[in-house]
Every structure is written in structure tokens, then in C-alpha cells.
Amino acid sequence: MQLTEKHQEYWRKNLVYTAILLLVWFVVTFVEAWYARELNSITFFGFPFGFYMSAQGSLAIYVVIIGIYAILMRKLDLKYNVDEGELE
Amino acid sequence: MSSQVFSHSAFNSQLKKYYGFYAGGFIAFVILLAIAEQMGMSRRWIGYWFLFATIGLYAGIGIMSRTSEVAEYYVAGRRVPAFFNGMATGADWMSAASFIAMAGGLFLGGFDGLAFVMGWTGGYCLVAFLLAPYLRKFGQFTIPDFLAERYGGNIVRSIGVISAITCSFVYVVAQIYGVGLITSRFTGLEFGVGVFVGLGGILVCSMLGGMKAVTWTQVAQYIILIIAYMTPVVWLGIKHTGIPIPQLAYGYTLQKVTELEKKITADPKEQEVRKTFADRAAAGRAALANQDKAYADGKAKVEKDLADAKASGDAAKVAAAEKAVAAYPKDVVAARSIWQREAGLQARTGGPRPHAEAYPGKDEKARDTARLNFIGIVFCMMFGTAALPHILMRYYTTPSVQQARVSVFWSLFFIFLLYFTAPCLAVLAKFDMYSNLVGSSFSALPAWAANWAKVDPGLLNITDINKDGIVQWAEVVIGGDLIVLATPEIAGLPYVVSGLVAAGGLAAALSTADGLLLTIANALSHDLYYKMIDPSASTAKRVTISKVLLIFVAITAAWVTSLKPGDILFLVGAAFSIAASAFFPPLVMGVFWKRANKWGAIVGMLAGLGICLYYMMRTYPFFTNMGVPKMDLWWGLNPISAGMIGLPVGLVTIWIVSLLTAPPSKEVQELVEHVRYPHLAGDAVVSEAR
């Protein structure tokens with residue numbers, strides 16, 4: 001079918017969400033790992049912070065941003081009328 | 001539509017009820033065995049009970065879910081709710097390596113081991129944002145299916161099939177190895193017998209019911225593996241941190257570990273042992289540098305000792321000296337392996353590795369190389385995760401696109417539970433050993449240490465090097481697998497919990513092997529046979545062929561496993577690097593860049609895969625020892641991270657070659673639009689036409 005302007009807009013917004021969440025992912029993964037030595041000089045709940053992030057913090061953030069993505073996309077689907085109906 | 005709403009939610013709540021009963025039943029089973037143990041059931045029988053009860057259970061689920069419907073067989077009828085698909089993915093994902101080896105890797109490697117923890121969880125972000133929803137909308141049966149439809153033609157499909165089989169096969173060998181190891185350790189069966197008992201469990205399940213049976217078995221396996229992993233850690237956590245959620249509180253235990261490390265490093269007795277190792281290593285190196293002379297000198301020395309002893313007339317001395325002469329290596333070649341072992345003691349001269357320190361190294365350059373390799377492993381594990389066909393396939397099985405998105409969330413949640421526990425277990429076990437094993441007397445070792453040192457010197461070896469009767473940390477050698485296997489005993493739990501841990505490890509290995517074997521058999525039966533050889537084959541014939549191939553592949557994999565090839569961790573790492581290099585670029589560009597075309601995909605996949613394999617072959621000792629010319633590492637990057645080179649090469653090649661050749665057809669561009677929207681007017685017609 002021919003895509004409308006609204007469809008294009010849906011896809012653009014999807015790309016923006018994806019890019020922002022991937023940026024968070026990149027920071028808590030690679031930027032964190034790059035500066036792990038420096039972060040380790042901070043203490044957080046008894047942990048050296050770099051160790052804490054690699055062992056727990058970043059992992060928890062991964063879970064959360066995937067959850068956020070699912071919620072945001074659900075809303076976007078409904079708003080732009082491309083959802084699949086009540087198939088839950 | 002309303003009846004569908006009802007059926008999906010009714011199905012979901014029914015499943016929750018069944019699995020609730022099942023989890024309760026399993027816990028009751030463990031409690032019954034615990035009572036039986038108190039009443040005198042032997043360890044061997046507890047092992048048998050766990051082995052046969054759990055394999056029987058998986059087989060039972062397999063028989064109940066038997067099917068010969070194509071959609072049921074390949075994608076479980078596309079009605080697995082997000083929550084349960086999450087659990088199934090968790091079990092599919094967590095292999096013997098995650099369950100048994102990971103905590104040990106963290107124990108030995110400290111911070112460095114966290115690369116696997118991050119890589120094997122963070123990859124799900126890529127799955128969630130870049131692949132799962134789009135593959136679900138595409139809605140076919142295999143990953144090569146998507147590549148073939150998107151890029152057109154059998155060349156792309158064939159490369160996809162070959163890559164899927166290569167990485168899944170490498171990975172499945174590692175799993176079957178784990179199955180053999182666990183069954184042989186806990187039941188005393190032989191390694192080979194253990195492999196085939198486990199294989200029987202895998203086959204009954206996946207052969208009868210394909211994806212449908214594998215899915216429901218994997219949910220059951222997840223429940224067992226998570227109970228098995230958590231029980232001893234919670235117990236050990238209460239012992240050392242005082243709260244039942246040690247994951248939150250082990251930071252303070254880590255501080256104590258760091259204190260103890262400093263104490264051990266400075267301790268004069270420890271230094272004495274390390275000095276002994278340093279001297280022996282130096283002597284070994286000296287002998288290796290001048291082998292003939294060292295051999296002749298050594299021989300002359302033992303002979304002179306014998307002559308001296310005879311002259312002194314002391315019978316005991318003579319006997320000892322005669323023994324030394326008899327034990328002296330018969331030629332230089334035999335002596336060389338001893339010297340090499342002695343020179344290798346250098347590794348034990350360093351004192352305890354600081355657990356929390358990131359990238360330790362002797363100078364700035366060594367530290368930077370350590371950091372690069374940490375990031376290399378994180379990178380390859382993440383992108384490999386997002387490209388392993390047996391994981392991506394799971395997202396074909398949910399009822400809708402939105403359910404696929406939610407399902408990635410549950411998948412990672414269930415995986416997270418185990419992965420954020422493993423580093424905690426490593427720290428708790430280390431604290432226990434530093435405070436209870438180090439400094440204990442050789443005549444009164446902690447019970448678990450005495451037991452394991454006797455049963456398996458490969459996993460735990462304690463030798464009184466400086467003959468002071470006290471255990472120094474430098475005198476202890478630990479194999480990584482010990483940590484998970486021995487934790488129940490370290491925590492002072494009854495043997496039934498050790499059996500439970502074994503059952504958990506078995507569940508982890510079997511569930512992953514199930515998913516992988518199914519992926520290989522489907523690639524062969526669906527992509528190769530149905531799509532390329534005989535498109536007119538009836539559905540019944542396709543499913544039958546898939547089942548026959550499954551047996552064939554399983555037996556081949558078991559045979560390769562029995563040859564015991566190489567290092568398991570490298571095998572797993574290689575599978576990830578291969579998947580990342582071959583699949584990730586064409587899959588993601590296929591969704592996000594309409595202009596990507598057939599030739600871009602072909603050349604890109606070959607280039608990515610080729611450079612990845614080339615780098616591994618030229619740098620990994622297993623291949624270079626077989627005669628492949630060795631080359632230097634690029635930027636010091638280890639061969640396991642070859643995907644860090646292969647993936648960017650693949651992406652750039654697809655981009656350049658696509659731009660140099662004609663854009664894809666209008667139909668293909670419409671397919672890309674189709675997968676980008678969960679629902680478009682006119683979709684129903686499209687999906688029926690397919």
C-alpha cells in the first residue's frame with residue numbers, strides 16, 4: 001500500500017526513540033567500560049562504582065530501557081493507528 | 001476479535017496455573033529427596049533421581065506436545081505469550097557456560113570476567129530495538145527465510161544456511177560436552193554414556209514436537225535452573241552478609257575481600273611460597289634454554305647422590321636416591337615437558353589478583369590492551385547475541401509484534417536474575433575461601449575442600465609447598481567450574497542441594513542444545529530442502545524430513561563432542577564472533593536501509609565472515625599449531641574477539657557494494673515497509689498470499 005505522511009512520521013519517531021535508547025545503551029556499556037578504572041575510585045553502596053556498573057547497574061538499565069521501549073512503542077502504535085488490535 | 005481476546009488471555013492464565021503447580025511440585029520433589037537423604041539415601045541415588053526424574057519430565061512434556069503441523073513444529077503455532085516466551089528464551093540462552101563456568105570465570109578473572117556478564121545481557125537491547133519486532137512482523141519460519149525474502153535469491157539463503165549451521169553447530173558441541181560432564185560427575189556414569197543419556201532427553205523432546213515441545217520444555221527447564229542457581233547463593237549470602245538478597249549487599253563483602261587480598265599479598269609465609277615457585281620457574285626456564293647440558297647435569301647429580309648415599313651406608317638414603325635415579329626422565333624429550341611445567345609455575349608467583357580492579361597490568365600499554373580486549377569481548381558477545389539464529393527464532397513464536405517487544409523485556413529480566421547473581425557468588429565464595437580455607441591446617445581442612453581435593457584434583461589442588469602445615473593461598477589451585485559445583489558444600493548445605501545444582505546445570509545445557517539442534521535441522525529441512533530442492537513437498541513430508549535430520553545432526557554433534565575438541569570457552573566465543581560477523585549487518589541493514597540490495601548482502605556476508613574466520617585461523621594456537629602460518633595480533637586483539645573486525649567490515653561492504661549496484665525492486669522495498677509497521681491496512685491480504 002501507499003504510505004501516508006503519518007506513516008512516515010511514525011517511522012521517524014520510532015527512529016528517534018531507537019536512537020536515544022541506543023545512546024543510553026552505548027554510554028552504560030562502552031563509555032562505562034572505557035572509564036572503569038576512573039569510576040572505580042568512587043564508592044557506591046560499598047562497591048567500587050565501575051565494578052558495580054559492570055556487574056549490576058548497566059544490566060538493570062538494559063532491562064529498564066527495553067521495558068521503556070515496549071511501552072513507548074505501544075503508545076506510538078495506538079496514536080498512529082498501526083496497532084494490531086487487542087491481541088494480548 | 002473478542003473471542004480471540006478471550007482465548008489468548010485464557011491460554012495465558014491456564015499456563016500460569018500449570019507452571020505454578022509444576023514449580024510447587026518440583027520443590028516438593030526436592031524436599032522429599034532431602035528427607036530421603038536424612039533417612040540414609042546414598043549420594044549416588046540422589047544423583048540418579050535428579051537425572052532421570054528431570055529428563056523423564058522433559059520427555060513427558062515433549063510427548064504431550066508432539067505435533068506434525070508445520071506452524072506448530074516450526075514456530076509453536078505463534079501463540080506463546082510474552083512472559084512464557086521470555087522464560088523459554090532465558091533457558092534457550094543460558095547454557096552450561098552461563099550456569100557453571102561463568103561464576104568460576106568471575107572468581108578467577110575478577111573484573112575481567114564481567115565482560116561476559118555485560119555482553120550476554122546488553123545484546124538484548126540490540127535484539128529489542130533493532131530486530132525482534134521486525135522479524136515478528138515478517139513472520140516466516142527461519143532467519144535465512146528473512147534474508148532470502150529481503151535480498152532475493154538462493155545465494156543469500158545458502159550463505160545464511162551455512163552461517164546458521166556453522167555457528168549453531170560449534171555452540172551445540174559445547175553444550176553436549178557440558179551434558180556429558182554433568183551426568184558423569186553426579187551419577188558416576190561414563191562421559192560417553194552421559195552424553196547419550198542426555199542426548200536421548202534432547203531428542204524425545206525436540207523431535208516429537210519441534211518448536212512447540214521445545215518451548216514448553218524450556219519454560220520448565222528455566223524454572224529448575226533458576227531455583228537451582230539461587231538456593232545455594234541465598235544460603236551463602238545469609239551466612240556472610242546476613243540478608244537473603246546478597247546481590248544488594250555484597251559490596252561490603254567485596255571490601256573485605258580487597259582487605260584480605262592485601263593481607264595475603266604482604267604475608268611473609270605467602271611470599272615464601274611464591275618465591276619457591278619463582279625459583280622453580282627460573283630453573284625450568286634455564287634448563288629449557290640449554291637442554292642437553294641441563295639433562296646431563298641433572299643425570300650426573302642424581303647418580304652422584306646415589307654414590308654418596310651408598311658410601312654413607314644409610315639404607316633409607318640409598319632407597320630414596322635409587323628412587324630418584326629411577327624416576328629421572330629417560331631422555332631430553334621427556335625432561336622437556338617437566339621443565340615446561342616448572343617454567344609455567346611463573347603464573348603462580350603473582351599473589352592474589354585484585355578482584356575489583358579494572359584492567360590490571362604491569363604498564364600503561366598492558367592496561368590499555370587489557371581494556372581493548374574487555375571491550376572486544378563485550379562487543380562480540382553483544383552483537384553475537386543479536387545475531388544467533390536460535391535466539392532470534394524465538395521471537396517468531398509470539399502472537400503479535402507488541403508481544404515480541406514485551407517478550408524481549410521478559411527474556412532479559414529472567415536472564416538478568418542469574419547474571420547479576422553470578423558476580424555476587426564469585427565474591428562470596430572468594431571471601432569464604434580467603435577467610436576459612438587460607439590459614440587452616442592441612443590436618444583439618446574445611447570438609448568441602450578435603451572432599452573436592454580428593455575427588456577431583458583438576459578442580460581443587462592444595463599442596464603444602466613450604467611444609468609448614470598451614471594452607472597458604474599460593475598453595476591452592478582452583479578450576480573455575482568448582483565455584484558453582486561446590487557452593488552448596490561451602491555453604492554447608494546437604495547433598496540434595498548439590499544434586500539440585502547438577503539438575504540445574506543439566507537443564508541449562510539441555511535447553512540450549514534443544515534450541516540449537518532445532519535451528520540446524522530447520523535450516524536444513526526448511527531452507528535447504530523445501531525452499532531450494534523441492535518446493536512442492538507436502539507439509540507432512542517437510543516435518544518428517546526435519547525430524548530425521550534432527551537425529552542425524554544430534555548424532556553427528558555427539559560424535560564430534562566425543563573427540564573433545566579444544567577449549568569450550570573459545571568454541572562459544574567463536575560462535576558469537578561468527579554470528580556477529582555474518583548475520584548482524586545484513587539483518588539490521590535489511591530493516592533500516594531500504595537501499596541495501598542483494599549483491600551488497602552477498603559480498604558483505606562473505607567479507608564479514610571471511611575476515612572473521614581468517615583472523616581466528618591465523619592467530620588461535622589450535623589452528624596455528626596445525627600448520628596455519630601464524631601472524632601477530634592486530635592491536636593486541638585476542639582471536640575470540642574476531643567479530644570486532646568482521647562486523648564493521650561486513651557493514652561497510654554492504655553499504656559500498658549496495659550503492660555500486662542497482663537498488664532493490666519495488667516489491668522488496670514494500671516488504672521493508674511492511675515489516676516496519678506492526679499493522680497496515682491491507683496486511684491481512686499480504687500475509688495470506690505468502
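Tabulated data for the structure shown
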{"read-out": "Residues of region B:478-497 satisfying the condition of being within 18 Å of B:Ala422 (Cβ to Cβ) and touching a helix residue (DSSP H, G or I) at 6+ places or on another chain (Cβ under 6 Å)", "value": "B:Gly480, B:Asp481, B:Ile483, B:Val484, B:Ala486, B:Thr487, B:Pro488, B:Ile490, B:Ala491, B:Val497"}
{"read-out": "Considering residues of region A:28-52 that are among the β-branched types (Val, Ile, Thr) and under 21 Å from B:Ile415 (Cβ atoms) only, the residue nearest to the other protein chains (Cβ to nearest Cβ)", "value": "A:Thr29"}
{"read-out": "B:Ser158 modelled with pLDDT of 85 or more, touching a His at 6+ places or on another chain (Cβ under 8 Å) and either of a type in the set (Gly, Ala, Ser) or farther than 30 Å from B:His679 by Cα (or both)", "value": "no"}
{"read-out": "Number of the condition not met by B:Glu261 [criteria: (1) more than 14 Å from every other protein chain (Cβ to nearest Cβ); (2) in contact (Cβ under 8 Å) with a residue 60 or more places away in the chain; (3) buried (at least 17 other Cβ atoms within 10 Å of the Cβ)]", "value": "(1)"}
{"read-out": "Candidates A:Leu72, A:Leu22, A:Leu76, filtered to the one that is facing chain B (nearest Cβ under 7 Å) and either closer than 30 Å to B:Arg79 by Cα or part of a helix (DSSP H, G or I) (or both)", "value": "A:Leu22"}
{"read-out": "Exclusive hit being at the interface with chain B (Cβ under 8 Å from one of its Cβ atoms), modelled with pLDDT of 90 or more and closer than 21 Å to B:Trp410 by Cβ, set A:Ala60, A:Ala55", "value": "A:Ala60"}
{"read-out": "Residue list for region B:316-367, restricted to those being touching a residue at least 12 places away in the same chain (Cβ under 8 Å), within 14 Å of chain A (Cβ to nearest Cβ) and among the charged types (D, E, K, R)", "value": "B:Arg353, B:Glu357"}
{"read-out": "Any pair with Cβ under 6 angstrom, 6 or more apart, that starts in region B:496-513 at a residue that is within 25 Å of B:Ala554 (Cα to Cα) and in a helix (DSSP H, G or I) and ends at one that is modelled with pLDDT of 90 or more and among the polar types (S, T, N, Q)", "value": "B:Ala507/B:Gln221; B:Ser511/B:Gln218; B:Ser511/B:Gln221"}
{"read-out": "Single match in B:Ile223, B:Ile227, B:Ile165 (criterion: surrounded by fewer than 24 Cβ atoms within 10 Å (Cβ to Cβ), touching a helix residue (DSSP H, G or I) at 6+ places or on another chain (Cβ under 6 Å), farther than 24 Å from B:Leu571 by Cα and not small (Gly, Ala, Ser))", "value": "B:Ile223"}
{"read-out": "Boolean, B:Gly105 is under 14 Å from the mean Cα position of the chain (by Cα) and of a type outside the set (Val, Ile, Thr)", "value": "yes"}
{"read-out": "Subset of region B:190-208 [surrounded by 24 or more Cβ atoms within 10 Å (Cβ to Cβ), within 26 Å of B:Ile27 (Cβ to Cβ) and touching a Gly at 6+ places or on another chain (Cβ under 8 Å)]", "value": "B:Gly198, B:Cys205"}
{"read-out": "Some residue of region B:561-568 being part of a helix (DSSP H, G or I), among the charged types (D, E, K, R) and either more than 30 Å from B:Gln669 (Cα to Cα) or within 21 Å of the chain's Cα centre (by Cα) (or both)", "value": "no"}
{"read-out": "B:Asp464 vs. criteria modelled with pLDDT of 85 or more, assigned to a helix (DSSP H, G or I) and not hydrophobic (A, V, I, L, M, F, W, C)", "value": "no"}
{"read-out": "Among the residues listed as B:Trp452, B:Trp448, the single one being in contact with an Asp or Glu (Cβ under 6 Å, 6 or more places away or on another chain), crowded, with 17+ Cβ neighbours inside 10 Å, more than 26 Å from B:Gly123 (Cβ to Cβ) and more than 10 Å from chain A (Cβ to nearest Cβ)", "value": "B:Trp448"}
{"read-out": "Restricting region B:368-398 to residues that are at the interface with chain A (Cβ under 7 Å from one of its Cβ atoms) and crowded, with 24+ Cβ neighbours inside 10 Å, the residue that is nearest to the chain's Cα centre (by Cα)", "value": "B:Val378"}
{"read-out": "Total residues in region B:455-465, condition within 25 Å of B:Thr265 (Cα to Cα) and either touching a Gly at 6+ places or on another chain (Cβ under 8 Å) or surrounded by 16 or more Cβ atoms within 10 Å (Cβ to Cβ) (or both)", "value": "5"}
{"read-out": "Unmet criterion (only one of (1) within 26 Å of B:Ile100 (Cβ to Cβ); (2) surrounded by fewer than 24 Cβ atoms within 10 Å (Cβ to Cβ); (3) more than 21 Å from the chain's Cα centre (by Cα)) for B:Ala213", "value": "(2)"}
{"read-out": "Residue check for B:Glu322: of a type in the set (Asp, Glu) and under 36 Å from the mean Cα position of the chain (by Cα)", "value": "no"}
{"read-out": "Any hit, region B:150-173, residues being within 14 Å of chain A (Cβ to nearest Cβ) and either touching a residue at least 40 places away in the same chain (Cβ under 8 Å) or on the phi < 0 side of the Ramachandran plot (or both)", "value": "no"}
{"read-out": "Members of region B:286-321 found to be under 26 Å from B:Glu475 (Cβ atoms) and surrounded by 16 or more Cβ atoms within 10 Å (Cβ to Cβ), listed by number", "value": "B:Ala287, B:Gly298"}
{"read-out": "Only listed residue being outside any helix (DSSP H, G or I) and out of contact with any helix residue (DSSP H, G or I) (no Cβ under 9 Å at 6 or more places or on another chain), chosen from B:Lys323, B:Lys330, B:Lys304, B:Lys365", "value": "B:Lys330"}
{"read-out": "Helices (runs of 4 or more DSSP H) lying entirely in region B:594-681 (those with 3 or more residues that are closer than 30 Å to A:Trp11 by Cβ and within 14 Å of chain A (Cβ to nearest Cβ))", "value": "B:666-676"}
{"read-out": "The listed residue being surrounded by fewer than 20 Cβ atoms within 10 Å (Cβ to Cβ) and of a type in the set (S, T, N, Q), out of B:Thr67, B:Thr89", "value": "B:Thr67"}
{"read-out": "Residue within region A:1-10 that is of a type outside the set (Val, Ile, Thr) and under 28 Å from B:Leu106 (Cα atoms) present", "value": "no"}
{"read-out": "Set B:Ala97, B:Ala59, B:Ala76: member being in contact with a Lys or Arg (Cβ under 6 Å, 6 or more places away or on another chain) and modelled with pLDDT under 90", "value": "B:Ala76"}
{"read-out": "Restricting region B:598-627 to residues that are of a type outside the set (A, V, I, L, M) and within 22 Å of B:Ala386 (Cβ to Cβ), the residue that is surrounded by the most Cβ atoms within 10 Å (Cβ to Cβ)", "value": "B:Gly608"}
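The values are calculated or read from the model by the stated rules, or taken from the named source; none is laboratory data. Because the structure is predicted, anything quoted here is derived from the model rather than measured. Quick reminder, even Gly has a Cβ in these numbers, built from the backbone with ideal geometry, and neighbours come from all protein chains shown.
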